[in-house]
Amino acid sequence: SQTIHQWPATLVQPVGSPLSLECTVEGTSNPNLYWYRQAAGRGLQLLFYSVGIGQISSEVPQNLSASRPQDRQFILSSKKLLLSDSGFYLCAWSPSLRGGRVAQYFGPGTRLLVL
Amino acid sequence: KNQVEQSPQSLIILEGKNCTLQCNYTVSPFSNLRWYKQDTGRGPVSLTIMTFSENTKSNGRYTATLDADTKQSSLHITASQLSDSASYICVVSVSGGSNYKLTFGKGTLLTVNP
């Protein structure tokens, strides 16, 4: 069966510090990978998605970046965190099939608090 | 603009009671609609997926309905349990072969009290 891991689970960082969140998927090959942010009282916002190694698409311009160094590894980074980067970050994967019927499977999330 | 509106924003019910959550969408062209359950501090978990040709889909005590004509969906929870306390998110997918262009509602926060 497939599993998705995220770490860390919780992170408290000062403004201006760097960020690196990691997501890995097990039990599948060539998945589509996604990074979402969920702010309090708001819906999930897609930040980045990737259909393959080194292929990253950005949905929202911001000071965050994403990388996919390996097939099942997705990393969310920032060089300098802003207060507005605080939120709940979710990684998700889906089979690399075209067609919208395929579900996205979410990881446990990382709670980021920027002070 | 593609939008998904959910109501109510929050709901409190007693254990054992039934409840219905609503979702209205303006996504076009429509591909499918999904309901997710998100426990506090956890990632969302898929409950149901429906295409425009499916009027109803059940998953245990959860039953989702879809009216593609009026662009409305509902999630009915029967005989609620304390573990049903969570946020329920309606997600709509745009037709066109992409699995990553999803529009999320803000969710309905359900609290089931003993």
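Any read-out appearing in this document is the output of simple, stated calculations on the displayed coordinates, not a laboratory observation. Keep in mind the model is a prediction, meaning the values are calculated, not measured. We place every Cβ from the backbone using ideal geometry, glycine too, and count neighbours over all the protein chains shown.
The residue list A:GLY109, A:VAL60, B:LEU21 was ranked by how far each Cα lies along the charge dipole of the protein assembly as shown toward its positive end, using unit charges on Cβ atoms, and A:VAL60 comes out on top. In a reduced charge model with +1 at each Lys and Arg Cβ and -1 at each Asp and Glu Cβ, chain A shows a dipole moment near 180 debye about its Cα centre. Computed from backbone phi with θ = phi - 60° and the Karplus coefficients 6.51, -1.76 and 1.60, the 3J(HN,Hα) list for the range A:18-26 is x, 9, 8, 10, 10, 9, 10, 10, 10 Hz; x is used for glycine and proline.
When +1 charges are put on Lys and Arg Cβ atoms and -1 charges on Asp and Glu Cβ atoms, the dipole computed for chain B relative to its Cα centre reaches about 220 debye.
Shape class for chain A: prolate, because the ratio a/c of the largest to smallest gyration tensor axis (alpha-carbon atoms, square roots of eigenvalues) is 1.5 or more and a/b beats b/c. Peptide A:105-111 is shielded by partner chain Cβ atoms: per residue, an average of 3 of them sit within 10 Å of its Cβ. Close amide H contacts of A:VAL15 (hydrogens built in the peptide plane, cut-off under 5 Å, sequence separation of 5 or more or a different chain): A:LEU115.
The modelled label-to-label distance between B:ILE13 and A:SER29, using points 7 Å beyond Cα along the C-beta direction, is 4.5 nm.
Once you charge only the Cβ atoms, +1 for Lys and Arg and -1 for Asp and Glu, what is the size of the charge dipole of the protein assembly as shown about its Cα centre, to the nearest 20 debye? Numbers along the way, then the final one.
Numbers: 19 positive and 12 negative charges, 53 e Å.
Magnitude of the dipole: close to 260 debye.
With the charge dipole of the protein assembly as shown set up from +1 on Lys and Arg Cβ and -1 on Asp and Glu Cβ about the Cα centre, the Cα lying farthest toward the positive end among the listed residues A:GLN45, B:PRO8, B:MET50 is that of A:GLN45.
Just for the protein assembly as shown, what percent of DSSP beta bridges are antiparallel, to the closest 5? Each step should come with its number before you reach the end.
Details: 77 of 86 bridges.
Antiparallel: roughly 90 percent of the beta bridges in the protein assembly as shown.
Taken one residue at a time, the phi angles of the range B:36-45 give Karplus couplings (6.51, -1.76, 1.60, θ = phi - 60°) of 10, 10, 10, 5, 4, x, 10, x, x, 10 Hz. Gly and Pro are set to x. Unpaired Cys in chain B, meaning no second Cys C-beta under 4.7 Å: B:CYS19. Using the Karplus relation 6.51 cos²θ - 1.76 cosθ + 1.60 with θ = phi - 60°, the per-residue 3J(HN,Hα) values for the range B:103-114 come to 10, 9, x, 7, x, 10, 8, 9, 10, 10, 9, x Hz, with x marking Gly and Pro. For the peptides A:46-55, A:2-11, the ranking by packing is A:46-55, A:2-11, with the highest mean count of neighbouring Cβ atoms within 10 Å listed first. A simple spin-label model places the labels of B:THR111 and B:SER58 3.1 nm from each other, with each point 7 Å out along Cα-to-Cβ.
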